[in-house]
Amino acid sequence: MAASSDRIPPPFPDTEEPGVCDMADGDRDEGEDIFVICSNPVAVSRGVSQPDNVNEQPPDLFREDEEEEASSATAKYNGVHSDDDSDLFAEAQVEPSTDKVGSSARKELSTSSGPPPSSSVTQSPAAMQPSSSLQQLEEEEDEDIFDVDVAVTNPEKIGDGMTAYVAYKVSTRTSLAMFRSKAFSVRRRYSDFLGLYEKLSVKQSLQGCIIPPPPEKSVVGMTKVKVGMDDPSSVEFVERRRAALERYLQRVVSHPSLLQDPDVRDFLERDELPRAVSTQALSGAGFLKMINKASDAVNKMTIKMNESDTWFEDKFQEVENEEQQLRKLQVVVDSLVSHRKELCGSTAVFAKSMAMLGNSEDNTALSRALSQLAEVEDKMEQLHQEQAASDFFIFAELLADYIRLLGAMRGCFDQRVRAWQRWQEAQSTLQKKREVEAKLLWANKPEKLQQAKDEITEWESRVTQYERDFDRIGMTVRKEVLRFEKEKAKDFKGQIVKYLDAMLQSQQRLVKFWEAFLPEAKAIA
Amino acid sequence: MMVMTSTLSVHGHNIKVTEVLKDGDTLTFLIVSQKLSGTGEHHVDRTYDDFEWLQQLLFSQEDEPGIQGVIFPSLPAKASANPSAKVMKQLGFLGLGEWQLYCKVLERYLRQVAAHSILSKNKAVEIFLTSSEPPGRQRARKNLFNRLSQAVEERRKEGYKDVDEFFQTERNHNLVLTCYAKTAAERFLDVVQSEQKIAVACAHFSASLHLCVEPGEDPDKQAFSKACVQLSEVFDSIKKNMTSVAENDMNTLGLGLDLESRCQEAEKEMLFRRTCKLVELEAARRNAEKAKPLKKAAMEEAKKTAEIEFNDICVVAKQEVHRFRAARVKMLQHTLVQWCEKQLLTAKESADQFNQQLQAFRGIAP
C-alpha cells in the first residue's frame, strides 16, 4: 500500500491536545469538544447548516456508481458485499447513556491508537512482505501523532413526521495534504454513513480489507426519534448511535488503505453527498441486495476450497470461536448494565422515602441527618447512573463493535475464497477452450482455429491475473488480520484502563460523600 | 397465669443469641446469658414458639396497673427453615442471608424485655432465660392484645379525638412515622437486593473472561489474553466491593430501619390500647350520667374503675413515650454512624484496590 509513503509526520499544533496524548490523563474534561481549538465559525461554515442531502432523488445514482467501481472485477458483483452483512445488521438494542460519559468515551476512543504499542512488535511467523512490515513500523511512529481526527457531534432532528431524520455534524481535523484544509466539518445523516460503508465494501473488500461496519439500522429506534426527540429513550438511542458512528469513522480513518479512498475523503469533505438511496430497506435496491446475500450464502456452502495454507483455516476457526466468546460476554455485560440501572431506580426511590422520614422527624439533629442521608443517596444514584453508562459505553459497545468487526473479518476470508473460486473457474474455462482447440485441429477448421487460439490467449492471461489476485488477497488478508489483532489488544487495554480509572474516581467520590455525612450522623443527640 | 414478680438472676444487657440450628423445618436458637452472681452462664435453646409464649405472658399481666400503657418490645414474624415467599416478604431484611439479622433482632428483643422495669419482673422471663426445660408451649389465650381483634376495631377508634394534647400529637406523629419507616425499610431492601444482583453479574463476567484467554505465542494474542485476565481480576474486586457494600447496608441501616419500623408499630399498638380505654371511659361516664337510680351505683362504680385504669395507663404511657423517643433516637444515631463508618471503610479499601490494579495495568502497557 502506498499510504505510508505519503505521510509526513505533522508538527504538533498545540501542546494541550486532550485527545492525542496517552490515555492516562484527561478523562474528566467531559463535554469538551475535542476540537475546542479549531472549531470556530470559519471551519464550520464549510459544513453548511443546511441539510445537504435531502435534495437529490435520482433513484439509481448510487447503483450506477457502484457498478462503475465494480466493473474492474469480472465477476458480477451487484450483491455489494459478503453474506456476513446479515450479522452486521442484526437488531439493535437501545440502552441508556449519559451525555457526559458519551463524550468522554468519544474522547478516549478518538485516540484509538493512543499509547504506542508494546514492544511486542516482532515479526510474526506469518509471511509478511518486507514493505508492509516497514509500513507497520511507520504506522507506529505515526500513531503518536494523529494525522486525522474525526468527531461526530450535534445530532439535530431535521424535518417532521415520518420523513424526519437526524443530521450529525462530522468534524475533521487533519494535517494530511490530501485534504483541502486543516479543519472542516459537514453534516451527514445515518444513511450517508451506511452509503460510505457500502461503497467501501464493494471496492475494498475485493482486496481483502476488513471494512469496519457502522452501527445497525433500527426501525423501532428511528421511528421513536421521528415522532419526537424528547423522551429519554430517544435521547439515549441518538446518543448511542452518535457514539457508534464516531467510532466507526475513527476506525475507517485509522485504516491506512481506507483513508486513501476518495469516497472517504468525499464523505468527510464534500458539502453535499448524493443521497444513498439503496440503503432504504424497502427500495428495489434493498430487495436485490437481500437476494444476492442469500445466493452468496448458498454459494459459500458449496465451495470447498483446497486450502494449501493452513494459516487461513486456523485463523478462520479462531475468528468464529472468538465471536462466540464475545457474544457470551455481551450477554453478561448486558445483564450487569440492567442491574445497575435497577440500582439507580431503587436508590432514587429510597432517597425519597428517607427525605419524607427526615421531614416528619421532630428531633432536629436526627431530621437533618436523615435529610442528609437522602441527599447522599441522591448523589449515589447519580454515581450509579454514571457507572451504568460507563459499563455500557466502555464494554457493551466495545463488545458489540468487535462482534461486528469479526463478522467483517469473516467477510474478508470469504473474499479470498471467492478469489480462489474465480481463479479455479478461469482455469477450467481455459481447459475447455484448449479442448475446443484440440477438436478444431482434429476437425481441421482453420477459420475457427484462430478464434479459438485467441480465446485461449485471453483466458491464459486471465488465469494468471486471477492467480495473482488470489495471492494478493491472501497477503492482504494476512496483514489485515494481524493489524486487527494489534488494534484489538490496544483497544481493549485502552478501554480497561479507562474503566478502571472511572471506577477509581467514583470510589473516591463515594469516600468524600461518606466523610461528609459522618459528622452529621455523629451530631445526632 | 404467672403474675408473681421476681428479679431477674441474669444480666440483661449482654444476653446473646449465639447460634441457630435447623431441625427439619424448625429453627432453634441458642441463648446465652451471664449470671448476676458472676458464677457462670446459662445456655438454653428455644424455638420461636417459646418466644411467643413469653410474649403472651408479658401481655397478660393484668394485675399490673397500667400494663396496657407499655410499649412492648416487638417480636419479628415467625421464620422457618424453608420459608414461603410470603413469609420472606414479611421478614424483609431479616430473611436475608443465614438468619444472622434475625438472631440479632431476637437478641435485642430479649435485652429490651430484661431491661424493662415492669416486664423484667415477670417470672416468665426468668424461666425463659434460665430453665433448662423448654417452657410450656400452650397456645396463648385471646386478650385485648390480640392483633386480629384490633384490626377490626382500628378503623372506628383510631381517629377518636383525644382529651390530652400530648397524646393527640404523639398519635398523629406516630401514624406518619410508622408509615414512612415501613416504606423506607422496604425500599432499602430493594436497594440491597439490586446490589447483590450486581455482585452476581460481576462474578459471571469475571468467570466468562477467563474463557476468552487465547493460547498462542503471538504477542498481540498474549497481550489480549493478559488484558482479559486482568479485567477478570478487576471484576472480581468489583464483586467483592459490591458484596461488602450490600452486607454493610444490611447489617446496619437495614437492620436499623427494620427495628424502627417495628418499634413504631409497637408504639402504635400501645396508643391504640389507650385510645380504646379512653373510648371505654367516656362510654362509662355517659352511662353513669344517664343511669336510672337503680343502676346508678353500679354505673358509678364502673366509671370509677375505668377512670383509675385509664389514669394508670396514661401515667405509664407517658413514661414509655419519653423512653421510647430517647431510645429510638439513640438507636438511629448508632445505626447511621455505624453504617457510614462501614461504608467509608469499604469505599476506601476499594479505592485502594482499584488504584493498585490501575497502576499494575498501566505498568504492563508501556
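Take the residues of region B:191-215 that are assigned to a helix (DSSP H, G or I), farther than 9 Å from residue B:232 by Cβ and at the interface with chain A (Cβ under 7 Å from one of its Cβ atoms): which is nearest to the chain's Cα centre (by Cα)?
B:191
Taking residue A:463, is it in a helix (DSSP H, G or I) and within 14 Å of chain B (Cβ to nearest Cβ)?
Values: in a helix (DSSP H, G or I): yes; within 14 Å of chain B (Cβ to nearest Cβ): no.
Spelling it out, it is not the case that residue A:463 is in a helix (DSSP H, G or I) and within 14 Å of chain B (Cβ to nearest Cβ).
Could you run through region B:350-366 and say how many residues are part of a helix (DSSP H, G or I) and without any contact (Cβ under 8 Å) to a residue 40 or more places away in the chain?
Residues that pass the stated criteria total 8.
Being part of a helix (DSSP H, G or I), facing chain B (nearest Cβ under 9 Å) and aromatic (Phe, Trp, Tyr), is that true of even one residue in region A:404-421?
No, every residue in region A:404-421 fails to be part of a helix (DSSP H, G or I), facing chain B (nearest Cβ under 9 Å) and aromatic (Phe, Trp, Tyr).
For region A:323-378, which positions are without any contact (Cβ under 8 Å) to a residue 12 or more places away in the chain, of a type in the set (D, E, K, R) and assigned to a helix (DSSP H, G or I)? Don't jump to the end; show me each part of the working.
Pass one, region A:323-378, residues without any contact (Cβ under 8 Å) to a residue 12 or more places away in the chain: A:324-325, A:328, A:331-332, A:335, A:338-339, A:342, A:345-346, A:349, A:353, A:356, A:360-362, A:364, A:367.
Next, from what is left, pick out any that are of a type in the set (D, E, K, R): A:328, A:342, A:361-362.
Of everything in region A:323-378, those that are without any contact (Cβ under 8 Å) to a residue 12 or more places away in the chain, of a type in the set (D, E, K, R) and assigned to a helix (DSSP H, G or I) turn out to be A:328, A:342.
Name the residues in region B:29-55 that are out of contact with any Phe, Trp or Tyr (no Cβ under 9 Å at 6 or more places or on another chain) and within 23 Å of residue B:73 (Cα to Cα), would you?
Applying the first criterion (out of contact with any Phe, Trp or Tyr (no Cβ under 9 Å at 6 or more places or on another chain)) to region B:29-55 yields B:30, B:32-43, B:49, B:52.
Once the filter is applied, which keeps residues that are out of contact with any Phe, Trp or Tyr (no Cβ under 9 Å at 6 or more places or on another chain) and within 23 Å of residue B:73 (Cα to Cα), region B:29-55 yields B:30, B:32, B:33, B:34, B:35, B:36, B:42, B:43, B:49, B:52.
Filter region A:353-369 for residues that are crowded, with 20+ Cβ neighbours inside 10 Å and either touching a strand residue (DSSP E or B) at 6+ places or on another chain (Cβ under 8 Å) or over 10 Å from residue B:180 (Cα atoms) (or both) and give the result.
Hits for region A:353-369 are A:361, A:366, A:369.
Determine which member of the set B:289, B:341, B:320, B:265 is without any contact (Cβ under 8 Å) to a residue 40 or more places away in the chain, charged (D, E, K, R) and more than 14 Å from every other protein chain (Cβ to nearest Cβ).
Result: B:289 is the single residue among B:289, B:341, B:320, B:265 that is without any contact (Cβ under 8 Å) to a residue 40 or more places away in the chain, charged (D, E, K, R) and more than 14 Å from every other protein chain (Cβ to nearest Cβ).
Please determine, by comparing only the residues of region A:329-372 that are among the hydrophobic types (A, V, I, L, M, F, W, C) and more than 7 Å from chain B (Cβ to nearest Cβ), which one is nearest to residue B:166 (Cα to Cα).
Per the stated criteria, the residue is A:365.
Kindly indicate whether residue B:344 is of a type in the set (A, V, I, L, M, F, W, C), touching an Asp or Glu at 6+ places or on another chain (Cβ under 7 Å), buried (at least 19 other Cβ atoms within 10 Å of the Cβ) and part of a helix (DSSP H, G or I).
Against the criterion (of a type in the set (A, V, I, L, M, F, W, C), touching an Asp or Glu at 6+ places or on another chain (Cβ under 7 Å), buried (at least 19 other Cβ atoms within 10 Å of the Cβ) and part of a helix (DSSP H, G or I)), residue B:344 qualifies.
Considering (1) within 7 Å of chain A (Cβ to nearest Cβ); (2) over 22 Å from the mean Cα position of the chain (by Cα), say which one residue B:181 fails and leave the rest.
Condition (2) is where residue B:181 drops out.
Mind checking which helices (runs of 4 or more DSSP H) fall wholly inside region A:171-269 and carry at least 1 residues that are under 17 Å from the mean Cα position of the chain (by Cα)?
Correct list: A:190-204, A:232-253, A:256-260, A:262-269.
Name the single residue, out of those in region B:34-56 being in contact (Cβ under 8 Å) with a residue 60 or more places away in the chain and over 20 Å from the mean Cα position of the chain (by Cα), that is nearest to residue B:81 (Cα to Cα).
Among them, the one singled out is B:45.
Is there a residue being at the interface with chain A (Cβ under 7 Å from one of its Cβ atoms) and under 42 Å from the mean Cα position of the chain (by Cα) anywhere in region B:216-226?
Scanning region B:216-226 turns up no residue that is at the interface with chain A (Cβ under 7 Å from one of its Cβ atoms) and under 42 Å from the mean Cα position of the chain (by Cα).
What number of residues within region A:502-525 satisfy the criterion of being within 7 Å of chain B (Cβ to nearest Cβ) and part of a helix (DSSP H, G or I)?
Pass one, region A:502-525, residues within 7 Å of chain B (Cβ to nearest Cβ): A:503-504, A:507-508, A:510-511, A:514-515, A:517-518, A:521-522, A:524.
In the following step, the residues that additionally are part of a helix (DSSP H, G or I) were identified as A:503-504, A:507-508, A:510-511, A:514-515, A:517-518, A:521-522.
Count: 12.
Do we find a residue being in contact with a Lys or Arg (Cβ under 9 Å, 6 or more places away or on another chain), at the interface with another protein chain (Cβ under 9 Å from one of its Cβ atoms), among the polar types (S, T, N, Q) and within 21 Å of residue B:254 (Cβ to Cβ) anywhere in region B:326-336?
Yes: region B:326-336 contains one or more residues that are in contact with a Lys or Arg (Cβ under 9 Å, 6 or more places away or on another chain), at the interface with another protein chain (Cβ under 9 Å from one of its Cβ atoms), among the polar types (S, T, N, Q) and within 21 Å of residue B:254 (Cβ to Cβ).
Here is a check on your reading of the model: is residue A:493 more than 7 Å from chain B (Cβ to nearest Cβ) and in contact with a helix residue (DSSP H, G or I) (Cβ under 6 Å, 6 or more places away or on another chain)? Give the steps one after another, and end with the answer.
On the way: more than 7 Å from chain B (Cβ to nearest Cβ): no; in contact with a helix residue (DSSP H, G or I) (Cβ under 6 Å, 6 or more places away or on another chain): yes.
The answer is no for residue A:493.
Could you check region B:260-307 and list, in sequence order, the residues that are β-branched (Val, Ile, Thr) and surrounded by fewer than 16 Cβ atoms within 10 Å (Cβ to Cβ)?
Hits for region B:260-307 are B:279, B:305.
Does residue A:482 qualify as being within 8 Å of chain B (Cβ to nearest Cβ), under 30 Å from residue B:334 (Cβ atoms) and either assigned to a helix (DSSP H, G or I) or touching a helix residue (DSSP H, G or I) at 6+ places or on another chain (Cβ under 7 Å) (or both)? Before you say what the answer is, go through the steps one by one.
Working: within 8 Å of chain B (Cβ to nearest Cβ): yes; under 30 Å from residue B:334 (Cβ atoms): no; either assigned to a helix (DSSP H, G or I) or touching a helix residue (DSSP H, G or I) at 6+ places or on another chain (Cβ under 7 Å) (or both): yes.
In short, no.
Listed here are the residues, each with its yes/no results for (1) of a type in the set (A, V, I, L, M); (2) at pLDDT below 90.
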{"site": "B:152", "(1), (2)": "yes, yes"}
{"site": "B:156", "(1), (2)": "no, yes"}
{"site": "B:160", "(1), (2)": "no, yes"}
{"site": "B:174", "(1), (2)": "no, no"}
{"site": "B:179", "(1), (2)": "no, no"}
{"site": "B:188", "(1), (2)": "no, no"}
{"site": "B:193", "(1), (2)": "no, no"}
{"site": "B:197", "(1), (2)": "no, no"}
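Which condition does residue A:444 not pass, out of (1) away from chain B (no Cβ under 14 Å); (2) of a type outside the set (Phe, Trp, Tyr); (3) at negative phi, if it passes all the others?
For residue A:444, the failing item is (3).
Out of region B:227-239, which residues are within 19 Å of residue A:340 (Cβ to Cβ) and either at the interface with chain A (Cβ under 8 Å from one of its Cβ atoms) or without any contact (Cβ under 8 Å) to a residue 12 or more places away in the chain (or both)?
B:231, B:234, B:238
Given (1) at pLDDT below 90; (2) surrounded by fewer than 20 Cβ atoms within 10 Å (Cβ to Cβ), where does residue A:509 come up short, assuming only one miss?
(1)
Looking at (1) surrounded by fewer than 18 Cβ atoms within 10 Å (Cβ to Cβ); (2) without any contact (Cβ under 8 Å) to a residue 40 or more places away in the chain, can you tell me which one residue A:265 breaks?
(2)
The values are calculated or read from the model by the stated rules, or taken from the named source; none is laboratory data. A quick note: this is a predicted structure, and the numbers were derived from the prediction, not measured. Neighbour counts run over all protein chains shown; Cβ positions are idealised from the backbone, glycine included.
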